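K.L.:
So that we are looking at the same thing, I have put the structure below in structure tokens.
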Amino acid sequence: MEKVKMSEFLTDKKTKLEELLDMLLKDYKYVSILGTDVKGKTYSVKKTGVDIGDSMWTERGFVIRVFNGINYSEYSFNELPEDLSPIVEKIRGISKEDLNKLKSSSLEFMEYPLIQEENAEKSFLGEVEILPEKMSSREKVERLQRIKDEGFKYSDELVDCRVSYEEVHVSKIFLSRNKKLVQSYIWTNGQLVAIVRRNGNTKFDYKGYSGLKGVEILNEMNEGVKSLIDETIELLNSDKVRPGEYDVICTPEISGLIAHEAFGHGVEMDMFVKNRAKAVEYLKKPVASELVTMHDGAASAVEVSSYLFDDEGVIGSDTTIIDKGILKTGISDLLSALKLGTKPTGNGKRESFERKAYARMTNTFFEKGSSKLEDMVSSIDYGYLIDVGMSGMEDPKNWGIQCMVLIGREIRNGKFTGKIVSPIVLTGYVPDLLQSISMVSDKVELSGTGMCGKGYREFVKVSDGGPYIKAKVRLG
């Protein structure tokens, strides 16, 4: 394994940032500085060509937060000059303007107490098998092209085989009166997309790969292309599902989608502050089957959203959201925790240094149970095993859920019939769905190939997953 290196940019700026912190602490009771340096590349190949570009997560800059006496003012910038006084004056002006607006406003506004911090000086440097800089862009593209070519050799029905790979190196530094935190880690994503056609009938399928890994993830992708094409060809014979309520087995990918949509967004505690989450009414009450325990947290698993500290300098944790069916707590950013009088969970995440921190998911998943998958299948008289999530939506105010799923494999009398339905829309009321869970498998799988928006924007990297679960849901 090779250690990930901390950003030289942030390392070189650290002394200057500490000087800026000391200057601001003369005026404000609370000051924090977050420095970010994220660099990444995307590589993709398909039948018609090759594309290389910067990752959408690339950023470099700083954000300062100060307590203005009523709440908190922030200022972001991407250049740190030798003379720091203009930045200090800018922050003074912003905080004064914010304070005057609040005092003169006839509208209600939120007051926040002063952030109380424990002393912490910690650092984290990730490890990967192959550092991205150890392989040239040409070599990476050649590896992707070989995977694509292997697909075309395997099936004449393949129209296109698209192979993509993304590498992102995250470095962050957080400074305040009591904290000095440093972290640097690498995550990678890979994706295979197969498109097949027969007699004018076209179908597609995909498979994703992710982790706190380096270029070694390409080896996993190479091993998965044939099975993906086989699955996509099966879809050529798929039918439409007859709408109705069914016993289903959800693969880890779908159980993760349900966890994310059903109780991920619904327990983001900035929604508690705004009275926009029904979950508040059910705290300490049963919301799911006793078989259901659900976690979220940067320290709850090792995936793309695992880190030492969040974007507000709070150490990542493992939060048990649901414990044996009982809703225990939500996940929070620092300011929401201050307002609610709760302990922050390390879920304050920014899309970039230029954006606000919100309560956001990290690694969200159901805990494993004790059932074997083969026993779960044999327990179903008529239903489906559903797999490959396409998208999902949840209404945290009313607890409705809708998930688009690509594949349903029919089960009759405890055995697969070979019949496939596609696509599927899974809908339901969150407590009904979770309370219907009657079996949970003994293994957990997580994936972090996607991203999550707050509403329709503010995207951050997340992972989700879980075990196989048996539940009763409505399909259409």
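The values are calculated or read from the model by the stated rules, or taken from the named source; none is laboratory data. Bear in mind the structure is a predicted one, so any value in this text is a computation, not a measurement. Every residue, glycine as well, gets a Cβ built from its backbone with ideal geometry; the counts of neighbours run over all protein chains shown. SASA here: full protein model, heavy atoms, side chains in, ligands and nucleic acids out. Shrake-Rupley method; radii C 1.70, N 1.55, O 1.52, S 1.80 Å.
K.L.:
Can you work out which of the residues in the range 268-294 that are in a helix (DSSP H, G or I) and under 20 Å from Ile437 (Cα atoms) is most open to solvent (accessible area, probe 1.4 Å)?
P.N.:
Filtering first and then ranking leaves Tyr282.
K.L.:
Hey, can you tell me all the residues within the range 337-350 that are in contact (Cβ under 8 Å) with a residue 40 or more places away in the chain and either of a type in the set (Val, Ile, Thr) or open to solvent by less than 10 Å² (accessible area, probe 1.4 Å) (or both)?
P.N.:
Listed by number, the residues that qualify are Ala337, Thr342, Thr345, Gly346, Asn347.
K.L.:
Can you find a residue in the range 260-271 that is farther than 19 Å from Arg474 by Cβ, modelled with pLDDT under 95, of a type in the set (A, V, I, L, M) and touching a Ser or Thr at 6+ places or on another chain (Cβ under 8 Å)?
P.N.:
Yes, the range 260-271 contains at least one residue that is farther than 19 Å from Arg474 by Cβ, modelled with pLDDT under 95, of a type in the set (A, V, I, L, M) and touching a Ser or Thr at 6+ places or on another chain (Cβ under 8 Å).
K.L.:
If you don't mind, there's one more thing I want to ask. Taking the options Asp381, Asp395, name whichever one is open to solvent by 20 Å² or more (accessible area, probe 1.4 Å) and modelled with pLDDT of 95 or more.
P.N.:
Asp381
K.L.:
Which of the following residues is open to solvent by less than 10 Å² (accessible area, probe 1.4 Å) and assigned to a loop (DSSP other than H, G, I, E, B): Gly313, Gly369?
P.N.:
Gly313
K.L.:
Taking strands (runs of 3 or more DSSP E) that do not extend beyond the range 399-475, which have at least 1 residues that are closer than 18 Å to Thr251 by Cβ and in contact (Cβ under 8 Å) with a residue 60 or more places away in the chain?
P.N.:
400-412, 415-421, 424-429, 445-447, 463-466, 469-475
This table checks each residue for (1) in a helix (DSSP H, G or I); (2) in contact (Cβ under 8 Å) with a residue 24 or more places away in the chain; (3) in contact with a strand residue (DSSP E or B) (Cβ under 7 Å, 6 or more places away or on another chain).
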residue	(1), (2), (3)
Ile91	yes, yes, yes
Asn100	yes, no, no
Glu108	no, no, no
Glu117	no, yes, yes
Cys161	no, yes, yes
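K.L.:
Looking at Glu253, Glu245, which is the one that is part of a helix (DSSP H, G or I), at pLDDT 95 or above and either among the aromatic types (Phe, Trp, Tyr) or touching a strand residue (DSSP E or B) at 6+ places or on another chain (Cβ under 9 Å) (or both)?
P.N.:
Glu253
K.L.:
Also, I was wondering about something else. Tell me which residues, restricted to the range 405-429, are modelled with pLDDT of 95 or more, open to solvent by 50 Å² or more (accessible area, probe 1.4 Å) and not basic (Lys, Arg).
P.N.:
Of everything in the range 405-429, those that are modelled with pLDDT of 95 or more, open to solvent by 50 Å² or more (accessible area, probe 1.4 Å) and not basic (Lys, Arg) turn out to be Asn413, Phe416, Thr417, Gly418, Pro423.
K.L.:
Still on this structure: Between residues in the range 168-184 that are closer than 25 Å to Glu216 by Cα and buried (at least 23 other Cβ atoms within 10 Å of the Cβ) and residues that are modelled with pLDDT of 95 or more and among the acidic types (Asp, Glu), which pairs lie under 8 Å by C-beta distance while being six or more apart or on different chains?
P.N.:
Final answer for the pair search is Ser171/Asp37; Lys172/Asp37; Lys172/Asp311.
K.L.:
Taking only the range 35-91 into account, find how many residues are within 16 Å of Val168 (Cβ to Cβ) and open to solvent by 50 Å² or more (accessible area, probe 1.4 Å).
P.N.:
7
K.L.:
For Lys13, which of the numbered conditions (1) more than 26 Å from Leu334 (Cβ to Cβ); (2) out of contact with any helix residue (DSSP H, G or I) (no Cβ under 9 Å at 6 or more places or on another chain) fails to hold?
P.N.:
It fails just one condition, (1).
K.L.:
With the structure loaded, tell me whether Lys14 is touching a Cys at 6+ places or on another chain (Cβ under 8 Å), charged (D, E, K, R) and within 29 Å of Lys213 (Cβ to Cβ) or whether it fails that test.
P.N.:
no
K.L.:
So which of Ile195, Ile217 ends up being surrounded by fewer than 21 Cβ atoms within 10 Å (Cβ to Cβ), free of Cβ contacts under 8 Å to residues at least 60 places away in the same chain and of a type in the set (A, V, I, L, M, F, W, C)?
P.N.:
Of the residues listed, the single one that is surrounded by fewer than 21 Cβ atoms within 10 Å (Cβ to Cβ), free of Cβ contacts under 8 Å to residues at least 60 places away in the same chain and of a type in the set (A, V, I, L, M, F, W, C) is Ile195.
K.L.:
Can you tell me how many residues within the range 322-340 are under 16 Å from Pro431 (Cα atoms) and out of contact with any Asp or Glu (no Cβ under 7 Å at 6 or more places or on another chain)?
P.N.:
6
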